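This report concerns only the one structure given below.
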Amino acid sequence: MTQPDDAAARRAVPPVICYPTETLPAPDLSLYARAREGATKVGEWSAAPREAAHFRVKAGQFFRITSIEGPQVGDLNLWNAADLSERFYSGKTRALHGSHLSTGDRMWSSFPNLRPMATIVADTLDWYGVDAFGGRVHDVIGTRCDPHTHHLLSGEDYHHCCHSNLTRAYAEATGVPVAEAAGQVHDVLNVFMCTGFTRDTGQYFMKASPVRPGDYLEFFAEIDLLGALSACPGGDCGAEHSSDTASCHPLLIEAFDPPEGALEGWQSPARNGYSGTHGV
């Protein structure tokens, strides 16, 4: 098709950030850091290779996800422990903070709540930045590997995709049937995963994660949380996922409680203040 005469001028129009974030409430990272200094460990869970673990943390606690045996990617879901209809909203988190998250970024919850669920307070992979392919770490662009897409592309049933792992973990945590649990699993934070979009076709890509044993991503729980973490069947996601061929490793989840009074002045975020009338 012939380009219009003003094609170059149209392409040259500068972009505008959709959601300027200058008015977003900023997390008090210095307060969180002081509270973390004297925190004591109060919980530990392990997501086995190609499986998921569920865990609970209280508002004001910290939780850490650590690579412990080898390069491994994890898919993280969060719910409000007191109201499971409120859950992580990856799309809005992406719109506010960008395609990949790191220290100071927050995981926002679904409508009508739209409030911080957790704040990232430490990231040992923040040095990675952007590589020559456009890859970054800890994305909120991938949806999670799932058995439906796998069947669509291969015609095979595979039951250890992250969606299925998270479904089983949610069912175990809540006691609901698996069929109901599957509908509560949502788009994830891809912890440690290195991803981007190809420059020619714009396709979502993955590459071997730079994570190594001892690397971690740590969060501050802004509300009471139920979490589920899947140790992806793709391992470091350097070749493929949704199969048993990749080398996979467990992921460690730990919870920490700050000392009494360490969070003086902090309050758990209120639900979004919109009236909910939608003009009616």
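The values are calculated or read from the model by the stated rules, or taken from the named source; none is laboratory data. Since we're looking at a predicted model, the values are computed, not measured. Cβ placement follows ideal geometry from the backbone for every residue including glycine, while neighbour counts extend to all protein chains displayed. Heads up: the accessible areas ignore ligands, DNA and RNA and are worked out on the full protein's heavy atoms, side chains in. Shrake-Rupley method; radii C 1.70, N 1.55, O 1.52, S 1.80 Å.
List of remarks:
- Average Cα contact separation per residue, the chain, under 8 Å, 6 or more apart, as relative contact order %: 35
- Cα gyration tensor shape of segment 154-243, rounded if a/c is under 1.5, else prolate or oblate by comparing a/b with b/c: oblate
- Dividing the C-alpha radius of gyration of the chain by 2.2 N^0.38 Å, with N its residue count, gives 1.05.
- Sparse packing (at most 13 other Cβ atoms within 10 Å of the Cβ) combined with a DSSP loop state is found for none of the trypsin sites (Lys or Arg not before Pro) in segment 14-96.
- Placing +1 on the Cβ of every Lys and Arg and -1 on the Cβ of every Asp and Glu, with nothing else charged, gives the chain a dipole about its Cα centre of roughly 420 debye.
- Overall, the anisotropy analysis places segment 98-248 in the oblate class: the square-rooted eigenvalues a ≥ b ≥ c of its C-alpha gyration tensor yield a/c not less than 1.5, with a/b not exceeding b/c.
- Probing with 1.4 Å while keeping every protein chain in the model, the per residue accessible area of the chain equals 49 Å².
- Result for the chain in a Gaussian network model with C-alpha springs under 10 Å: among TRP45, TRP108, TRP127, the largest mean-square fluctuation is at TRP127.
- The stretch between LEU84 and ALA26 holds 18.3 nm of extra length on full extension. This uses 0.36 nm per residue minus the Cα-Cα distance.
- Take the Cβ atoms of SER154 and ALA95, set R0 to 25 Å, and the FRET efficiency comes out at 0.20.
- Only lysines eight or more places from LYS41 in sequence, or on another chain, were considered; those with a Cα closer than 29 Å are LYS58.
- Note on segment 1-109: with charges restricted to the Cβ of Lys and Arg (+1) and Asp and Glu (-1), its dipole about the Cα centre is near 200 debye.
- Taking amide hydrogens as placed 1.01 Å from N in the peptide plane, the amide H of TRP108 sits under 5 Å from those of TYR89, THR93, MET117, each at least 5 positions away in sequence or on another chain.
- Percent carbon-and-sulfur accessible area, the chain, ignoring ligands, DNA and RNA, probe 1.4 Å: 53
- Projected-area average for segment 105-151 over all orientations - Cα convex hull basis, square nanometres: 5.4
- Each of the GluC sites (Glu not before Pro) that DSSP puts in a loop and that has at most 15 other Cβ atoms within 10 Å breaks the chain; the longest unbroken stretch is 70-155.
- Dipole of the chain [Lys/Arg +1, Asp/Glu -1 at C-beta], most positive-end residue of CYS194, GLN3, ASN80: GLN3
- Among the trypsin sites (Lys or Arg not before Pro) within segment 167-241, those in coil by DSSP and having at most 15 neighbouring Cβ atoms inside 10 Å are ARG199.
- For ALA122, residues with placed amide H under 5 Å, excluding near neighbours: GLU218
- 3J(HN,Hα) from dihedral phi, segment 220-237, Karplus parametrisation 6.51/-1.76/1.60, rounded to Hz, x for glycine, proline: 9, 7, 7, 9, 5, 10, 9, x, 9, 10, 9, 7, 4, x, x, x, 8, 6
- q = 0.14, 0.16, 0.27 Å⁻¹, segment 1-77: log10 I(q)/I(0) [Debye, one scatterer per Cα]: -0.76, -0.86, -1.27
- R0 of 51 Å, Cβ-Cβ distance ALA239-ILE17: FRET efficiency to nearest 0.05: 0.90
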